[in-house]
Amino acid sequence: MSGKSVRIAHLYPELLNLYGDSGNIITLAKRLEWRGLIPEIAEVSIDDTPSFKEVDLVFIGGGSDREQRIVCEKLLAQKAELAAYVADGGVLLAVCGGYQLLGHSYLMGDEKVEGLGLVDFYTDRGDPRLIGNIAIESDLSPQPIVGYENHGGRTHLGAGVRPLGRVLFGHGNDGTTGYEGCWQDNVVGTYIHGPLLPKNPGVADALLSAALERRYGDGTLEPLDDSVELAANQVMADRLLSGEEKE
Ligand code: GLN
């Protein structure tokens, strides 16, 4: 495997960087390096025009409504190229505000803002904001996926869209359906901020494996010693699932 690289585009880190979302990039880079693979990370700033032609994994973090709007305008201009990347099996991870951008539309105040329409869902708003720690179960990860959510948006998936998982603790897409996120082809959208990849190594490796498979036709990853990551995951999952923490 040695010598192989994964080209990661981190979109607009100066705007979309809530609750430690940028730590996901560090996790991806480290998990590649620990295996002798090469992370090639491009930070795409709002003044750059992103190209998705030579990219293996795209990451979009969360942000405020205002920052999200700036990013949305920029990405709409690249919609066809991003759609082609996704149709070609390109790996895309989007968190919260970034996740909302993948759907048909979201609400900023009362204004309906057009999204990228890459996945069949839309986002409206509700009161109160859905805030707190979250745990879900998902086929993407052998452990519960744990993290933190804070969103006013309520995301409504189209009938054919697979959610990322089922909420075990917390709110997820809309606080009522019990579903969280979306997972379509190699696109993962989620409201789970913060330690998403640091505390959920299974998710990180699923994304890296899909990126390597698409680029090199072999997504095999050497196992790593994840004892620290899994201990962190378990402490949080135990706390949320034991009833020790109240919703
Ligand atoms: N602005 C969006 C909302 O509140 C997303 C916020 C976020 O990324 N945490 O719904």
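Some notes on this structure:
Here is a yes/no grid of residues against (1) assigned to a strand (DSSP E or B); (2) within 12 Å of the ligand (Cβ to nearest atom); (3) among the charged types (D, E, K, R):
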site	(1), (2), (3)
Lys30	no, no, yes
Asp48	no, no, yes
Gly62	no, yes, no
Leu82	no, no, no
Tyr85	no, no, no
Leu116	no, no, no
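- Single unsatisfied condition, Glu14 versus (1) in contact with a Ser or Thr (Cβ under 8 Å, 6 or more places away or on another chain); (2) buried (at least 20 other Cβ atoms within 10 Å of the Cβ); (3) not β-branched (Val, Ile, Thr): (2)
- Lone qualifier among Glu67, Glu149 - being of a type in the set (Asp, Glu), outside any helix (DSSP H, G or I) and buried (at least 17 other Cβ atoms within 10 Å of the Cβ): Glu149
- Filtered by the rule that a residue be surrounded by fewer than 20 Cβ atoms within 10 Å (Cβ to Cβ) and touching a strand residue (DSSP E or B) at 6+ places or on another chain (Cβ under 8 Å), region 31-43 gives Glu33, Leu37, Ile38, Pro39, Glu40, Ile41, Ala42, Glu43.
- Residue count, region 1-28 (criterion: within 15 Å of the ligand (Cβ to nearest atom) and of a type in the set (S, T, N, Q)): 3
- Selection from region 188-244 of residues that are under 19 Å from the mean Cα position of the chain (by Cα), among the charged types (D, E, K, R) and part of a loop (DSSP other than H, G, I, E, B): Lys199
- Count of region 125-146 residues, restricted to those that are in a strand (DSSP E or B), out of contact with any Ser or Thr (no Cβ under 7 Å at 6 or more places or on another chain), more than 10 Å from the ligand (Cβ to nearest atom) and of a type outside the set (Gly, Ala, Ser), is 7.
- Looking across region 166-187, the residues that are touching a Ser or Thr at 6+ places or on another chain (Cβ under 7 Å) and assigned to a loop (DSSP other than H, G, I, E, B) come down to Asn173, Asp174, Gly181.
- Residue under evaluation Ile25, criteria (1) part of a helix (DSSP H, G or I); (2) under 15 Å from His193 (Cα atoms); (3) touching a residue at least 40 places away in the same chain (Cβ under 8 Å), criterion not met: (3)
- Qualifying residue in region 87-97 (condition: within 13 Å of the ligand (Cβ to nearest atom) and part of a helix (DSSP H, G or I)): yes
Taken together, the values in this text are just the output of simple stated rules run on the coordinates, not laboratory data. Note that the structure is a prediction, hence the values are computed from the model and not measured. All Cβ positions, glycine included, derive from the backbone under ideal geometry; neighbour counts span all protein chains shown.
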